[in-house]
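What follows is a single structure, written as structure tokens, with notes after it.
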Amino acid sequence: MTWSTIDLVFLSDDLSSAVTRCAATDMYGSDHKSIELILDLHLVCNDFVPRPMYRATDWEGYAEHLKGRLEEAAAAWTLHTTESIDGAVTELTGHIQKTLERHTPMSKPSHYAKRWWSPELTELRPEHKHASRKASARNATDTDRADAVAKQRRYFAVIRRQKRRHWREWLEDADMHSVWLANKVVSAPANGGVAETAEEKWLETFFPTPPPADTSDIPNTKPMPLEDVNEAEVEKIIDDLSPFKAPGISSIPNVAIQKAKRVLAPIIVRLANACFRSGYHPNL
């Protein structure tokens with residue numbers, strides 16, 4: 001047998017140092033020898049951390065359970081000192097977090113997960129696939145083919161709707177400042193082009209060094225007295241929150257406050273007025 005066909009191997013300079021074997025082999029029984037290339041690579045695998053699925057939370061059970069936890073706890077708060085205010089805020093945050101954990105299912109991480117996917121699509125996909133297989137069978141009828149077309153149209157229409165909904169929710173959560181900062185990051189280097197790593201670029205763009213403050217033109221005036229807030233004002237603010245906006249360090253989404261508005265509004269009023277009277281902001 002004459003070996004006349006040559007397999008070619010292309011390798012970059014960065015990968016050349018990772019080669020552990022590069023040799024011809026006829027192990028595949030083909031009419032020509034192939035080249036076996038083995039690279040010693042250290043791949044970084046993403047750790048998929050389960051995320052709470054707040055859209056599937058049992059909100060009625062959450063609100064009822066939170067009410068029972070807070071009735072006794074809030075009655076014991078004095079809120080006369082900064083330490084008692086900090087303690088009350090910490091305890092309130094803990095009760096909300098623990099109640100959320102109890103009533104919120106966790107996602108099952110997947111390498112192929114799509115953020116816009118919905119339970120409705122999970123039901124429609126097998127129906128669409130089944131109808132397509134039935135329509136492509138040799139003994140398929142016109143009714144089978146029409147049913148497959150209808151299910152396909154519905155399936156892809158729901159996909160388009162979910163993608164639009166996900167995009168709108170992202171736009172609602174993103175403010176103008178963050179959008180322009182993101183555009184600045186991807187379109188221009190930070191700090192005049194001297195940032196050496198991606199981390200430095202993001203830090204320089206989103207957290208630039210602030211200039212020194214000039215307070216020489218600010219007259220010495222007495223602070224304005226703050227009036228007590230009431231439950232109606234607090235509930236109005238809660239209603240105006242974006243429900244599924246990304247939560248902060250407490251991991252409590254706005255929707256958790258909205259769904260327990262009747263329980264939390266009186267407590268927030270007590271805490272806010274205690275802070276106003278003492279001139280203190282809780283150490284969160």
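No lab work stands behind these numbers, since they all come straight from the coordinates. All figures in this text were calculated on a predicted structure; none of them were measured in a lab. Using ideal geometry, Cβ is built from the backbone for each residue, glycine included, and neighbour counts are taken over all protein chains shown.
Some observations on this one:
- The range 208-284 - Rg (one decimal) and Dmax (whole number), Cα, Å: 16.8, 46
- Stretchable slack from Lys67 to Ile237, in nm (0.36 nm times residue separation minus alpha-carbon distance): 59.2 nm
- 3J(HN,Hα) along the range 123-140: 7, 6, 4, x, 5, 5, 5, 4, 5, 5, 5, 5, 6, 8, 5, 5, 9, 5 Hz, from the Karplus curve 6.51 cos²θ - 1.76 cosθ + 1.60 with θ = phi - 60°, whole Hz, x for Gly and Pro.
- Close Lys pairs in the range 16-167, defined as Cα atoms under 15 Å apart and 8 or more places apart or on different chains, number 4.
- Alpha carbon centroid spacing (whole Å) that separates the range 96-150 from the range 242-266: 30 Å
- For Asn230 and Ser84, the FRET efficiency from 1/(1 + (r/R0)^6), where r spans their Cβ atoms and R0 equals 22 Å, is about 0.50.
- Among Cys22, Cys45, sorting on how many other beta-carbon atoms sit within 10 Å of each Cβ, with the fewest leading, yields Cys45, Cys22.
- Total formal charge among the other residues, if their Cβ is under 14 angstrom from that of His95, Lys/Arg +1 and Asp/Glu -1: -1
- Ranked packing of 239-249, 141-151, most packed first, by mean Cβ within 10 Å: 141-151, 239-249
- In this structure the amide hydrogen of Leu39, modeled in the peptide plane, comes within under 5 Å of the amide hydrogens of Thr20, none closer than 5 places in sequence on its chain.
- The share of C-alpha pairs in the range 54-105 whose separation exceeds 16 Å stands at 44 percent.
- Going from the fewest other Cβ atoms within 10 Å to the most, the residues Thr99, Thr82, Thr57 appear in the order Thr82, Thr57, Thr99.
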